[in-house]
């Protein structure tokens, strides 16, 4: 396979998913996960279930990055890219809704616009 056969949109989606993983892990870890674990207001079940969900998102973002990367290099894996693009397209407005529901400006939740960028890159990959 030569570099020219790499789908640029899907490769971009892969990189954006990896960047989102980094933001989630290293920025969110400081501002979200640490305060969550320090909470004394949540029951142990709620606290640890939320922490578990935190790690599910971490794993999901790595899988998204790998899946988009695979699809970028293998045109027969467009179904993988389609699924991941749809997922990102659902996650972005969901994040916006949660932010608004919590009285927080949506642009303060990086996932809202990072998933929007992943969606746009995935769509670019299908247009290419």
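Among the residues of region 95-120, how many are outside any loop (DSSP other than H, G, I, E, B) and within 18 Å of residue 23 (Cα to Cα)?
16
Return the residue satisfying two criteria in turn: it lies in region 50-76 and is in contact (Cβ under 8 Å) with a residue 12 or more places away in the chain and more than 16 Å from the chain's Cα centre (by Cα), and of such residues it is farthest from residue 39 (Cα to Cα).
Out of the qualifying residues, it is 75.
Please specify each residue of region 94-128 satisfying the condition of being within 21 Å of residue 10 (Cα to Cα), out of contact with any helix residue (DSSP H, G or I) (no Cβ under 6 Å at 6 or more places or on another chain) and surrounded by fewer than 17 Cβ atoms within 10 Å (Cβ to Cβ).
113, 123, 126, 127
If the requirement is being assigned to a helix (DSSP H, G or I), farther than 21 Å from residue 117 by Cβ and touching a residue at least 12 places away in the same chain (Cβ under 8 Å), which of these qualifies: 18, 36?
Matching residue, one of 18, 36: 36.
Residue under question is residue 4, and the condition is that it be in a helix (DSSP H, G or I), out of contact with any strand residue (DSSP E or B) (no Cβ under 8 Å at 6 or more places or on another chain) and modelled with pLDDT under 95; does it hold?
So residue 4 fits the description; yes.
The values are calculated or read from the model by the stated rules, or taken from the named source; none is laboratory data. Owing to the predicted nature of the structure, the values given are computational and were not obtained by experimental measurement. Virtual Cβ from ideal backbone geometry, glycine too; neighbours counted across all protein chains shown.
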